[in-house]
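Single-structure report; data block below.
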Amino acid sequence: AQSVAQPEDQVNVAEGNPLTVKCTYSVSGNPYLFWYVQYPNRGLQFLLKYITGDNLVKGSYGFEAEFNKSQTSFHLKKPSALVSDSALYFCAVRDETGRRALTFGSGTRLQVQP
Amino acid sequence: GAVVSQHPSRVICKSGTSVKIECRSLDFQATTMFWYRQFPKQSLMLMATSNEGSKATYEQGVEKDKFLINHASLTLSTLTVTSAHPEDSSFYICSARDPKKSTNTEAFFGQGTRLTVV
């Protein structure tokens, strides 16, 4: 079975400061890892993914994430937070077959203060 | 990129009535679509996997007679909440992935449907 853990319900950061949203995963075989963002009453928007290759992946809106196999982590990062980054962030995993649905973490609410 | 469209975005219905939610893939043919339910301030929980031309696969604890899924074409899956009750009020989201693309491509999500049963 595959699972994702997002240990922080909420992350608060001041505008302009770096942000990190944590994610750890468990999956059989090679993990396909994703980050999505959700704004109120909206669907999920894709931010970035790790499939293979460089451990540091860059995505939309200046976000990046670092895949760490030994720690089974895939933390989301951004060097300088914006107030508009305030939203709900979900980490997700699926196996490499692609036949199964994504398994989501519990979500982390990011609050960026001006 | 691929687009998934969900309709309606918001619906209010009376207890005991049925509500249909549509999920369409606009620029690809989706043999498989996924339906999720999201409770307030919680994560997305997979309800069922919708398979074109065959029966849906429901997750444990999801009532198949209450949440009817029909995937009649390669671009449309519908979720019907039958005999709705207030506890069915939730945010429902569908997703699909283009099967013709590599397995490493991301899934695309509909805009979600906020269902309120009064």
*When you look at residue B:100, is it touching a Phe, Trp or Tyr at 6+ places or on another chain (Cβ under 8 Å), over 27 Å from residue A:49 (Cα atoms) and either surrounded by fewer than 18 Cβ atoms within 10 Å (Cβ to Cβ) or within 8 Å of chain A (Cβ to nearest Cβ) (or both), yes or no?*
no
*Can you confirm whether region B:14-23 contains a residue that is away from chain A (no Cβ under 12 Å), in contact (Cβ under 8 Å) with a residue 24 or more places away in the chain and in contact with a Lys or Arg (Cβ under 9 Å, 6 or more places away or on another chain)?*
no
*For the subset of region B:73-97 comprising residues that are over 23 Å from residue A:49 (Cα atoms) and within 14 Å of another protein chain (Cβ to nearest Cβ), which member is surrounded by the fewest Cβ atoms within 10 Å (Cβ to Cβ)?*
B:89
_Consider region A:71-107. How many of its residues are of a type in the set (Ser, Thr, Tyr), more than 11 Å from residue A:32 (Cα to Cα), modelled with pLDDT under 95 and in a strand (DSSP E or B)?_
0
*Can you work out which of the residues in region A:77-98 that are touching a residue at least 40 places away in the same chain (Cβ under 8 Å) and β-branched (Val, Ile, Thr) is nearest to residue B:33 (Cα to Cα)?*
A:93
_Residue check for residue A:74: within 12 Å of chain B (Cβ to nearest Cβ), touching a residue at least 40 places away in the same chain (Cβ under 8 Å) and within 14 Å of the chain's Cα centre (by Cα)_ = no
*Restrict the check to region B:24-32 and report whether at least one residue is assigned to a loop (DSSP other than H, G, I, E, B), surrounded by fewer than 13 Cβ atoms within 10 Å (Cβ to Cβ), more than 12 Å from every other protein chain (Cβ to nearest Cβ) and touching a Pro at 6+ places or on another chain (Cβ under 8 Å).*
no
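The values are calculated or read from the model by the stated rules, or taken from the named source; none is laboratory data. This one's a predicted model, so the numbers in the text were calculated from it and none came from an experiment. Methodologically, a virtual Cβ is constructed for each residue, glycine included, from the backbone with ideal geometry; neighbour enumeration extends over all protein chains shown.
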